[in-house]
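Sharing a structure, written as structure tokens. Questions coming.
The values are calculated or read from the model by the stated rules, or taken from the named source; none is laboratory data. Every value quoted in this text rests on a predicted model; they were computed, and no experiment measured them. We place every Cβ from the backbone using ideal geometry, glycine too, and count neighbours over all the protein chains shown.
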Amino acid sequence: AQRVTQPEKLLSVFKGAPVELKCNYSYSGSPELFWYVQYSRQRLQLLLRHISRESIKGFTADLNKGETSFHLKKPFAQEEDSAMYYCALIGRDGSRLTFGEGTQLTVNP
Amino acid sequence: GAVVSQHPSWVICKSGTSVKIECRSLDFQATTMFWYRQFPKQSLMLMATSNEGSKATYEQGVEKDKFLINHASLTLSTLTVTSAHPEDSSFYICSAPGLAGPTDTQYFGPGTRLTVL
């Protein structure tokens, strides 16, 4: 069964510090992986997806197939990065979009 | 950009009544839409995949007769909670994928807060 695990429910860092939000997955095959973000009182929106290899708002995520991980990183956190972050996976056949439990990131001034 | 709307944004109903929630893709077509349920401080749980012109695919443990899904057009999917009970109170969210289909970026609706008294 496919599964997405985000081990940290809460993560707190200071402004300017590096931040890493962990995501591990299990899937038999090659999945599509995403990071979605939900800012306070806003709907979920895409932050980035592994296939595009883009850096959005300074965030990057590298797919490590050996470790089955897709950790989200940013070298210098900003206060406006405070939000709920969800790692998500979907099979290449488009079936069973699965979300991790989410990590609430708080960036303190 | 792609926008997904939901209506209503919140609803309060009596136990035993049915409630319909609409999910619309405003500026793009979606042959597939997804419905989720989210409990407070918890993640999204996929309930079902709505397919235009055919039956929805339900996740294990989700009652088909309880949560009726109709995807009658390329821009509208509806979720009807039948004979609602207090335990159905939750935040219901829909999403529609981009033009590349289900594996594309999901565009989310703002959610519908259902409270069953």
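Kindly indicate which of B:S83, B:S15 is in contact with a helix residue (DSSP H, G or I) (Cβ under 7 Å, 6 or more places away or on another chain) and over 17 Å from A:R96 (Cα atoms).
B:S15
Sticking with this one: Would you confirm whether any residue within the range B:43-54 is surrounded by fewer than 15 Cβ atoms within 10 Å (Cβ to Cβ), within 11 Å of chain A (Cβ to nearest Cβ), under 18 Å from B:G109 (Cα atoms) and not small (G, A, S)?
Looking for residues that are surrounded by fewer than 15 Cβ atoms within 10 Å (Cβ to Cβ), within 11 Å of chain A (Cβ to nearest Cβ), under 18 Å from B:G109 (Cα atoms) and not small (G, A, S), one finds none in the range B:43-54, hence no.
Okay, moving on. Determine which single condition B:I93 fails, assuming it passes every other condition in (1) within 11 Å of chain A (Cβ to nearest Cβ); (2) out of contact with any Lys or Arg (no Cβ under 9 Å at 6 or more places or on another chain); (3) buried (at least 20 other Cβ atoms within 10 Å of the Cβ).
The failed condition is (2).
I'd like to know if the range B:94-105 contains one or more residues that are of a type outside the set (S, T, Y) and modelled with pLDDT of 95 or more.
yes
Of the residues that sit in the range A:42-93 and are over 19 Å from B:S43 (Cβ atoms) and of a type in the set (F, W, Y), which one is surrounded by the fewest Cβ atoms within 10 Å (Cβ to Cβ)?
Only one residue tops the list, namely A:F76.
Can you name every residue in the range A:94-106 that is at the interface with chain B (Cβ under 8 Å from one of its Cβ atoms) and on the phi < 0 side of the Ramachandran plot?
A:S95, A:L97, A:T98, A:F99, A:G100, A:E101
Taking the conditions exactly as written (among the acidic types (D, E), over 23 Å from B:T49 (Cβ atoms), part of a loop (DSSP other than H, G, I, E, B) and touching a residue at least 40 places away in the same chain (Cβ under 8 Å)), does A:E8 satisfy them or not?
yes
Here's a check for you: in the range A:42-69, which residue that is modelled with pLDDT under 90 and among the β-branched types (V, I, T) is farthest from B:F91 (Cα to Cα)?
The qualifying residue farthest from B:F91 (Cα to Cα) is A:I51.
A follow-up question, please. I'd like to verify a number: residues in the range A:64-93 that are under 11 Å from the mean Cα position of the chain (by Cα) and outside any strand (DSSP E or B), how many?
Residues meeting the conditions: 2.
While we're here: What residue, among those in the range B:24-39 that are within 12 Å of another protein chain (Cβ to nearest Cβ) and not aromatic (F, W, Y), is nearest to B:V81 (Cα to Cα)?
B:R37
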